[in-house]
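What follows is one structure encoded as structure tokens, with my remarks underneath.
What follows is calculated from the coordinates using simple rules that are stated; it is not laboratory data. Just so it is clear, the structure is predicted and the values come from calculations on it, not from any experiment. Glycine also receives a Cβ, built like all others from the backbone with ideal geometry; neighbour counts cover every protein chain displayed.
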Amino acid sequence: MAEYSYLVLYLPRGTSRDAARRILTDHAEYGSWELSRLRLYPDGSRKATLRRMIIRQARAQLGMQPTMNQRGLGPGQAS
């Protein structure tokens, strides 16, 4: 299952629709955020919840290369 990090933006009631769109577009383009939820309150303010996927890199295990004997081959035999 995917893990996400979240960012909550509060846009005051004086923020126009076009300005809110620009703010959300900038976060999407330059921060790789996507809109998860948008709530418009009766007073005109907005609460936008943005999310982006957390990508975890698996650690490489060093020294785990199989040797000739671990593959079932004897000395001098090539695969």
Note: among 58, 19, 48, 28, just one is of a type in the set (A, V, I, L, M) and part of a strand (DSSP E or B), namely 48
Of the residues that sit in the range 31-45 and are assigned to a strand (DSSP E or B) and not hydroxyl-bearing (Ser, Thr, Tyr), which one is farthest from residue 13 (Cα to Cα)? 34
For the range 32-59, give me each residue that is within 23 Å of residue 1 (Cα to Cα), touching a residue at least 24 places away in the same chain (Cβ under 8 Å) and not aliphatic (A, V, I, L, M). 33, 36, 49, 51, 52, 56
